[in-house]
Amino acid sequence: MNLETATVLVTGANRGVGRAYVEALLEAGTPKIYAAARNPGQLEALVAQGSGRVVPVQLDVTNPDQIAEAARIAHDVTLLINNAGQLSFGGPLGTANGALSRDMAVNYDGLAAITDAFA
């Protein structure tokens, strides 16, 4: 795939690996990058860095309404980087507080729902 002609959506773009993906896409000359995060305000620096090439999208991958809205907004995506993720830290009994369920909702169910929406 030629990144200089691609339209890309990066989930979890606000920090860490997701932010690095967006920065690498900018460096590669990608003309349009949808940067998705639960809090789009955290994307302001990337949007500024992108000089009009980065489009912020509010997206919680566990929210079906936001998934549908993201698919509507970013209907022209040719490459999906399904990066959003969560990891709860704790001891072996940490699953009692729902941490494992939340991790699975983001890391499995959410990513599957995003893939379905853009497939």
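Worth pointing out:
- Prolate/oblate/rounded label for the chain (Cα gyration tensor, a/c 1.5): prolate
- Taking the chain as a Gaussian network of alpha-carbon nodes connected by springs under 10 Å, the highest mean-square fluctuation of the residues Thr11, Thr78, Thr62 belongs to Thr78.
- Entry note, the chain: relative contact order of 27 percent, from Cα contacts under 8 Å with a spacing of 6+ residues.
- Net charge in the neighbourhood of Gly12 (other residues with Cβ under 11 Å of its Cβ; Lys, Arg +1, Asp, Glu -1) is +2.
- Surrounding net charge for Thr62, when Lys and Arg each add one and Asp and Glu each subtract one, Cβ distance under 12 Å: -2
- Anisotropy class of region 32-87 from Cα gyration tensor, a/c 1.5 cut: oblate
- 222 nm mean residue ellipticity, helices alone, for the chain (DSSP H n ≥ 4; -39,500 (n - 2.57); rounded to 500): -9500 deg cm²/dmol
- Once the 1.4 Å probe is applied to the protein heavy atoms, region 1-71 comes out at 50 Å² accessible per residue.
The values are calculated or read from the model by the stated rules, or taken from the named source; none is laboratory data. Keep in mind that what you see is a predicted model, and the values were worked out from it rather than measured. No Cβ is skipped: glycine too gets one built from the backbone with ideal geometry, and neighbour counts run over all protein chains shown. Keep in mind that these areas ignore ligands, DNA and RNA; they rest on the heavy atoms of the full protein, side chains included. Shrake-Rupley method; radii C 1.70, N 1.55, O 1.52, S 1.80 Å.
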